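Here's the structure we're looking at; comments come further down.
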Amino acid sequence: MAKAAESSGEPGTTSPRPLMRDLKAVGKKFMHVLYPRKSNTLLRDWDLWGPLILCVTLALMLQRSSVDSEKDGGPQFAEVFVIVWFGAVTITLNSKLLGGNISFFQSLCVLGYCILPLTVAMLVCRLVLLAEQGPINFMVRLFVVIVMFTWSIVASTAFLADSQPPNRKALAIYPVFLFYFVISWMILTFTPQ
Amino acid sequence: AGPAAAGRRAAQAQRVWATPPEGASEFEEASNLLAETPDAVTTSGSGQLTPQGHVAVAVDSGGSYGAEEEVEESDKTALLQEKQQPGFWTFGYYQSFFDVDTCQVLDRIRGSLLPRPGHNFVRHRLRNRPDLYGPFWICATLAFVLAVTGNLTLVLAQRRDPSIHYSPQFHKVTVAGITIYCYVWLVPLALWGFLQWRKRVRERVGPYTFLETVCVYGYSLFVFIPTVVLWLIPVPWLQWLFGALALALSAASLVFTLWPVVREDTRLVAAVLLSTVVLLHALLATGCKFYFFQPLPLEPLAPPPQATSLPLNLLPPPTPRSQVT
């Protein structure tokens, strides 16, 4: 009975368990991304909550404080959203078309979770930008973004590379590189005016 | 034994991605052979497989270039019967356009970078097996590289002249993407349509399929990627030199590929077609150069009053001559 109440999560029951369970699953996947090992957790129990949270956080942080004219501005909220999700879908389609044996949502899950290092970089950059502007400021931000970019690539490669046929691995990994490069560029060129 | 041995060597070239490449020279030789005998039919019928699993190549004794069209048809029907081409609503149909390996893609890129007059890109490199991976990702890379380097140019210029207003200009990514993708899809469509229409005039040589044309255009844009990165160097004549070089390589690749198809036609049509192709390519290159690397205003002769925001002197001090165009 308790088990049924735990798994169903209907409004009639009094258990908040499914929410805690999902949050714990998301947290566990964050840990797996931060310390990438060859494990199947990300692939087996995929979920899209983590990527959604990360994407929304990133898009919110990329908003500038003042309202600029449309032409001059940085990426709008919707643009970031579209780039992340459209990019992830394109990479997944590409990987499947090349003959990979990973499922559509598993791939989206991995790509989404591996944005975590770049979101951390965005946080750090925003904090660093509170200090005075200058070349040292820029060097610090550049260093942080490069490190996190490499981390993202390594993490996603650890999960995705095995699902590709061996003579096409580079073809499948290159779009991932381009994807995280574009996101890193958006983070690096962020300047709050 | 002569044609059979030649055929077997060419067959090894066909299957080079299934076995580890023994040496580039063997591949080159075999590919030259296969290109010179255009009416060689490659069939994958089960009865003709050699024990090593290589594809057998039967060389026609006719040797006339005019038989190529029929040979292409029979080649296609043989492949169709073999593979049972899936319908366009299935996933497998699109998978057939991504049926390339890393080394094949790299080889095609190399082929577009070094066009040679005798070597037809479609026959030599694509071997009538076009892929969509190359054009799609080359266009994506070019669009992003254009936007990123255009932005970087603005950043570097602002360091020299702090009065220039810097903005991320994110909308340029969208513009770049749309322009390049439209170019790589619409211009080959027009070209293919035109060649199909002129097919009635030329009986001998069949035109390329639409996908092959897209492929040729896509791979020919690869040379612009390093060029755009080199455009970061703020020396105007160097930028124009790099641009001209890239345009020459790229247009040469296109022209050498189109020449065998077009030379059967009347002189006027051939000349007009080829010059239109080159002109459109030049328009794309210069358009990108001007839109993404905008000429910035002349630097002020007097130093700006508040030149303290960027104390770093990575770049030489501003002189009236050094402008970014």
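Values in this text are rule-based calculations from the coordinates and carry no lab data. Just so you know, these numbers come straight off a predicted model, no measurement behind them. Glycine also receives a Cβ, built like all others from the backbone with ideal geometry; neighbour counts cover every protein chain displayed.
Below are the figures for this structure:
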| item | result |
| --- | --- |
| Residue exposure sequence - B:Thr90, B:Thr227, B:Thr257 - by fewest surrounding Cβ within 10 Å | B:Thr90, B:Thr227, B:Thr257 |
| Pairwise label distance in nanometres, A:Tyr35 with B:Leu106, each label 7 Å out on the Cα-Cβ vector | 3.6 nm |
| Fully extended contour minus Cα-Cα distance, from B:Thr90 to B:Arg116, at 0.36 nm per residue | 5.5 nm |
| Nitroxide proxy distance, nm - points 7 Å out along Cα→Cβ at A:Asn137 and B:Leu152 | 2.2 nm |
| Whole-number percent relative contact order across the stretch A:84-185, with pairs defined as alpha carbons under 8 Å at least 6 apart | 38 percent |
| Theoretical FRET efficiency, 1/(1+(r/R0)^6), r = Cβ-Cβ of B:Val175 and A:Arg44, R0 30 Å, to 0.05 | 0.10 |
| Length released on extending from B:Asp99 to B:Ser275, taking residue separation times 0.36 nm less the Cα-Cα span | 60.0 nm |
| Residues B:Asp101, A:Asp162 arranged by fewest to most Cβ contacts within 10 Å | A:Asp162, B:Asp101 |
| Pair B:Trp240, B:Trp185: separation of 7 Å Cα→Cβ label points (nm) | 3.6 nm |
